[in-house]
Amino acid sequence: MTKRLRFALSVSAIALLFGSLSGCAPIGVQVWERDILAKQEMQLDYQAIDMSLDDHIYFSKEGSSGGRGFGGGGCGCN
C-alpha cells in the first residue's frame with residue numbers, strides 16, 4: 001500500500017465514522033414540538049369514519065381483505 005492510498009482510506013474511514021455517529025443526533029420529538037404534532041390534522045386517521053367507509057367499499061369490490069382486522073370476500077355481505 002502506498003502512503004497516498006493509506007491516507008485516503010483513513011480519511012474516508014474517519015468521515016464514515018463521523019457521518020454515521022452524527023446521523024442519529026436529532027432523534028425524538030422536543031417538548032415544544034408536541035403541540036403541533038398533537039393536532040387532529042396531524043393524525044394518520046383524523047377522518048376515521050371516511051377512511052373506514054372507503055376501506056370497506058374498496059375491499060368489498062376487490063374481493064380481498066387488507067389486513068385491517070376483517071375478513072371476507074367480494075360479495076360485500078360482511
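The values are calculated or read from the model by the stated rules, or taken from the named source; none is laboratory data. The structure presented is a predicted model; accordingly, all values stated were derived computationally and were not measured.
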Can we say Ile36 is at pLDDT 80 or above and under 19 Å from the mean Cα position of the chain (by Cα)? yes
Being of a type outside the set (A, V, I, L, M) and outside any helix (DSSP H, G or I) is the filter here, so list the residues in region 1-18 that pass it. Thr2
